[in-house]
Amino acid sequence: MDQDLRVSLWSVFYLSFVKKEQFQSMPSKGYGHLLRSVWFLFLKKPIDEFEANSRSLVDTIKTGFIEWEWFCVFDFLEFVVKINSYEEVIDEFMSTCNRHLEREVSAYRFVDKQIVEITSEEEIKEIEQVINVDDKFHGVRQHTKTALSLMSDRKTPDYRNSIKESISAVESLCKIISRDPKATLNKALDSIEKTGSIKFHPAQKKGYQNLYGYTSDAEGIRHALMDKETLSFEDAKYMLVVCSAFVNYLISKTNL
């Protein structure tokens, strides 16, 4: 993270929360709540030393932007969006951050209130489309959110379980479509095809069955692909994007 990006992100935060009158005037969980949360929960400072109207706290955060490790800056931005309940303000903030991240040629973007090493707009849209599905697909959404979280953890990423969560999102949806909550992905795909809900291309169906075989404990299959030491961010991202795209495809085909 170079200095230009640090300054840009600080400016976005400052204009979005410190200087924005609309946010400052919001009751309960507005400006004062944000500063108090940053002081106590992010900076880990004694709460009795907190002064709501003190300029020194803003200066402390600004100093952090300049001096923190790059991942701490991202951690802070994620904290800010997750601690707030004003979705309109947060959506605008994340969108503005993404524009600056793109302008400064950063490899990271906000996706579902997390900063992830994904820059393709198409990939981001596929993932966010799944995360925003109807509540009747709650399990699908939760598996996808967990896969994203495990993959994007900058301290202890868990690529193996991220991959498993991605394929579990597909399996969860196939259970809904096939109306068989106990079906594995392979059986669910067979059932969906037999009922005529979707006609899969043989290669397409075989591809997802093979991916499931590589990642499933239920099948008792172990493969070098899933050895923890051999997995990378690229493996987890590939699975997340591909599985998200397949979920969106299935939902559009079945008109659920």
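Only the coordinates and a few stated rules stand behind these numbers; no lab work does. Worth saying up front: this structure is predicted, and the values here are computed from it rather than measured. Here the Cβ is made from the backbone with ideal geometry for all residues, glycine too, and neighbour counts use every protein chain on show.
Remarks
- Gyration tensor (alpha-carbon) shape descriptor, the range 3-106, a/c threshold 1.5: oblate
- In nm, spacing of pseudo-spin labels at residue 232 and residue 87 (7 Å Cα→C-beta vector): 3.7
- Rg and Dmax of the chain, both derived from C-alpha coordinates alone, stand at 21.3, 67 Å.
- Relative to the Cα centre, the charge distribution of the range 125-254, modelled as +1 at Lys and Arg Cβ and -1 at Asp and Glu Cβ, gives a dipole magnitude of about 300 debye.
- Given 155/175; 113/136; 44/237; 125/164; 125/187; 155/206, the pairs whose alpha carbons are separated by over 25 Å: 155/175; 44/237; 125/187; 155/206
- Selection from 131, 174, 231, by position along the positive dipole direction of the range 125-254 (Cβ): 174
- Label point of residue 155 set 7 angstrom out along Cα-Cβ; within the range 45-83, amide nitrogens under 12 Å from it belong to 72, 75-76.
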